[in-house]
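Shown next, in structure tokens, is the structure this report addresses.
Every read-out reported here was derived from the displayed coordinates using simple, explicitly stated rules and does not represent laboratory data. Values in this document were obtained by computation on a predicted structure and should not be read as measured data. Note that we place each Cβ from the backbone using ideal geometry, even for glycine, and neighbour counts take in every protein chain shown.
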Amino acid sequence: MVVRVCERARQSGAATVAVATDDDRIRVAVERAGYHAIMTRADHPSGTDRVAEAAAALGLGPDEVVVNVQGDEPLIPPQLVREVAAMLGSHAEAAVSTACHPIDDAASLENPNVVKVVLDASGYALYFSRARIPYPREAGGTWYRHAGIYAYRMGFLQGFPGLAPGPEEKTEALEQLRVLWHGHRIAVAIHAGDIPPGVDTPRDLEAVRRMPS
């Protein structure tokens, strides 16, 4: 699955594709497939902390953009990787960018593994939650599923490990809430098409295996 993610990332036109991991089995699989793996510490509290260590090992400059495609997103569209990176160019106030797409089924709205995001008028994230937000007290509404992809300005990413986790991050187990807790902004691209689901459970894995690549 991780190798499939690498393939998608390379198709996006990324200048460098590297896998950050603390598991030697993943390193071996990645290198056998011809990709670069960076071994990181095993005690990182979040994926972003791990990416920060790996990006530092690559020696990237403060103005470069780092895109984090999570290893449980084997069907992520390469175009989406480009979209998320481009959001930092069009949203100067954003330290981080990510993506979402509309939710159109009730099961996803109630599924805590489907993370929801609420946006402001300028396309910045107001909040992320595993709960159904906004709550439909009256008829109608639009809901967005957050996709597991982020782009960071390297200057921000270098400082991320020094940010203390906020209470909402601990409650929801969502690392992106740390960014909002400390007053930084996250720009969100609304993807025009569907974003294939990630793999959070064995059932998800079986569903993804049945999908066309």
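Working note: 222 nm ellipticity from helices only, DSSP H runs with n ≥ 4, each -39,500 (n - 2.57), summed and divided by the residues of the chain, gives -9500 deg cm²/dmol to the nearest 500. Panel order for Leu80, Leu157, Leu126, by other beta carbons found within 10 Å of each beta carbon, from fewest to most: Leu126, Leu80, Leu157.
Among residues other than Arg82 with Cβ under 14 Å from its Cβ, the summed charge is +1 (Lys and Arg +1, Asp and Glu -1). By the Kirkwood approach, averaging reciprocal distances over each pair of separate Cα atoms, the stretch 173-213 gets a hydrodynamic radius of 13.2 Å. The dipole here belongs to the stretch 87-172: it is taken about the Cα centre, uses +1 on the Cβ of Lys and Arg and -1 on the Cβ of Asp and Glu, and is about 140 debye. Put in order of Cβ neighbour count within 10 Å, fewest first, the listed residues Arg137, Arg132 become Arg137, Arg132. Principal axis extents of the Cα atoms in the stretch 62-209, from largest to smallest and rounded to whole angstrom, are 41, 36, 28.
How much of the calculated P(r) for the stretch 40-83 lies past 17 Å, in percent of all Cα pairs? Looking at the stretch 40-83, the distances longer than 17 Å represent 44 percent of pairs.
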